[in-house]
1. If amide H atoms are built 1.01 Å from N in the plane of the peptide, which residues on other chains or at least 5 residues away come under 5 Å of the amide H of V124?
2. List the residues, sorted by chain then number, that are 5 or more residues from Q91 or on another chain and whose placed amide H is less than 5 Å from its amide H.
3. Provide the per residue accessible area, probe 1.4 Å, for the chain, rounded to a whole number of square angstrom.
4. Can you sort C121, C97 by solvent-accessible area, 1.4 Å probe, largest first?
5. Filter the chymotrypsin sites (Phe, Trp or Tyr not before Pro) in segment 11-48 to those in DSSP coil with at most 14 other Cβ atoms within 10 Å of their Cβ, and list the result.
6. Relative contact order for the chain: what is it in percent, counting Cα pairs under 8 Å that are at least 6 residues apart?
7. Per the Debye formula with a single identical scatterer at each Cα and no solvent contribution, what log10 I(q)/I(0) holds for the chain at q = 0.14, 0.15 Å⁻¹?
8. Given contacts defined as C-alpha pairs under 8 Å and at least six residues apart, what's the relative contact order of segment 54-132, whole-number percent?
Amino acid sequence: TGSQIRADQPPVYHFYLQSSGGKPVLGPESSSGYFTIGSTISLDGADGSKLYLNVDESAATSYKPLTLDATASTTDWGLEGDTIITTAPRQLNFLACSTSDADVFDVFFQEGNDTPSGADCTLVTLHLPCLC
């Protein structure tokens, strides 16, 4: 149950948010996570477990790692139309960075202009699938 979350811009057009070894990444629809979205975002496990999508605000860079944790520390998620945002302050930018696997991109929450050194990254937004 829940909703998929995906990117709609190249190079991650229709790449889906999911867990890879406990780390949030963008990858193929076939392994997409399903999330419950409110002021928190939880990845819903098939066994009924939940892992919460959090922004690691302790990072010194403007790109903040995303984590999946047993408790929610990021509690200002929201939706603007079908777009995933934080509400305090309003922010909707994510950074998708290529990895050695062409089907998997690292994903960060972007609060400024920094990018990981040596990485090929693109500013993207994340969305629910079409609300049509």
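The values are calculated or read from the model by the stated rules, or taken from the named source; none is laboratory data. Keep in mind that what you see is a predicted model, and the values were worked out from it rather than measured. As a convention, Cβ positions derive from the backbone with ideal geometry for all residues, glycine included, and neighbour counts pool all protein chains shown. To get the accessible areas, we keep the full protein, side chains included, count just its heavy atoms, and leave off ligands, DNA and RNA. Shrake-Rupley method; radii C 1.70, N 1.55, O 1.52, S 1.80 Å.
1. Result for V124 returns F94, L95, A96.
2. Those qualifying (amide H under 5 Å, at least 5 residues apart or on another chain) are T86.
3. Working: 6560 Å² over 132 residues.
That works out to 50 Å² per residue.
4. Sorted by accessible area, descending: C121, C97.
5. Loop-located and lightly packed - Y13.
6. About 25 percent, as a whole number.
7. -0.56, -0.65
8. Details: 129 pairs, mean separation 25.2, N = 79.
It rounds to 32 percent for segment 54-132.
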